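The values are calculated or read from the model by the stated rules, or taken from the named source; none is laboratory data. These figures come from a predicted structure and were not determined experimentally. Using ideal geometry, Cβ is built from the backbone for each residue, glycine included, and neighbour counts are taken over all protein chains shown. Only protein heavy atoms, including side chains, enter the accessible area calculation; ligands, DNA and RNA are left aside. Shrake-Rupley method; radii C 1.70, N 1.55, O 1.52, S 1.80 Å.
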Amino acid sequence: MTADQPVSADLSPERQRTILCVEDEADLRSDIVEELVAAGYRVVEASNGREALLRLDTTRPDAILCDITMPELGGYELMAKLRTDRPDLAEVPFIFLTALADRAEVLNGKNAGADDYLVKPVDYDDLLATIRSRLRLVDRVRQALLADLQAQQRQMIEQAVRGGDITLAALAAALDRLSIGIFLLEESGEVRLTNEAGRQLIGQADGLALTGGGLLARTARSSQSLKAALATVLRETGSSLTVAVEREEGHPLVFQLSSLGLPGSNARHALALVVDPDKQPEISTEVLASLFGCTATEARLAAALVAGKRLEEIGEEFGVKQTTVTFHLQNLFQKTHTNRQADLVALLIRATVPLSLQP
């Protein structure tokens, strides 16, 4: 059973958060659900730990609020099982809410791995403040991890450039394995360096062309977008932009353009990582769930998009209606702060490239 209400002002405006409430006392659970819904949360209910496990097969909550003493499977047992069997939920705050108020019980709960321990009777202001605090902490950690992965990627590229032709060639070869084209562009637009994946993209004559004036898109609209993005990153040091380049067949190519300084050169340069979504290797759904707080289904959808599958193909593969696929896609947009499929795919690949390049 679930309860849904519009999001209130005290929550992040990007998306509604889901709380799994595990409580065997029906009246108390109903009161808790009412308070959480009024605060803008979506609530999934379970009457004991066993039922909670069933709910977790189809829902990835943002936080778990759990009683300790329950029939069939208690709070300690549920938490232990999740810590052992569900590493994808490791960052989801687990909050005990119990009548066991003795100090020793509180310490036992925290030592067992609970993120917080609240005592009945319920102080709803304290409950809501605790949930908000825990969710904000998870958001900060997740954003820091994503920023760190993107910084690793940029540092990896800049170190390769500074390291000279041999190091840059090694990076280019590594990106070849991921079917990611790399183009080092002069201020004039001329291509100074590319890798085999980039040459293959040019050779396909579908989307990209290499001329005496540099790298061009084959459609007027994409060419205009690409030129404007290139001008921006060359003008603004440290900037990075994503552009979709249309093709006659398949998904649009995804460009990530970044400004780049070369040692010993005053000229401006840009680095383009070009992703062909139709040729991407499988990305770990566990990594995606951890990075972006996706449900298992959303992570599968994200991985399928990176693999170049169309929405109708994904619907058939998942055995669900197109409206369901679209619903999960909108959730992904909210969780990744993107609003276009090309930007979503670029973000997913950009965030996971450093992980993919690790031995």
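General remarks:
- Candidate set from the stretch 238-253 (those that are of a type in the set (Asp, Glu) and modelled with pLDDT under 80); member that is nearest to residue 218 (Cα to Cα): 248
- Looking at 330, 334, just one residue is without any contact (Cβ under 8 Å) to a residue 12 or more places away in the chain, of a type outside the set (Val, Ile, Thr) and open to solvent by 50 Å² or more (accessible area, probe 1.4 Å), and that residue is 330.
For (1) part of a strand (DSSP E or B); (2) over 30 Å from residue 303 (Cβ atoms); (3) free of Cβ contacts under 8 Å to residues at least 24 places away in the same chain, each residue gets a yes or a no:
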position: 184; (1), (2), (3): yes, no, no
position: 187; (1), (2), (3): no, yes, no
position: 193; (1), (2), (3): yes, yes, no
position: 198; (1), (2), (3): no, no, no
position: 210; (1), (2), (3): yes, yes, yes
position: 226; (1), (2), (3): no, no, no
position: 233; (1), (2), (3): no, no, no
position: 251; (1), (2), (3): no, no, no
position: 274; (1), (2), (3): yes, no, no
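- Top-ranked residue in the stretch 83-106 [being surrounded by 14 or more Cβ atoms within 10 Å (Cβ to Cβ) and part of a helix (DSSP H, G or I); ranked as modelled with the lowest pLDDT]: 106
- Test for residue 161: is it at pLDDT 70 or above and of a type outside the set (S, T, N, Q): no
- Filter result for residue 133 (crowded, with 17+ Cβ neighbours inside 10 Å, modelled with pLDDT of 75 or more, polar (S, T, N, Q) and assigned to a helix (DSSP H, G or I)): no
- Residue pairs meeting the criteria (Cβ under 8 Å; at least 6 apart or on separate chains; first polar (S, T, N, Q), in the stretch 30-54; second part of a strand (DSSP E or B) and open to solvent by less than 10 Å² (accessible area, probe 1.4 Å)): 47/22; 48/22
- Tally of residues being more than 24 Å from residue 253 (Cβ to Cβ), of a type in the set (A, V, I, L, M) and part of a loop (DSSP other than H, G, I, E, B) across the stretch 294-339: 1
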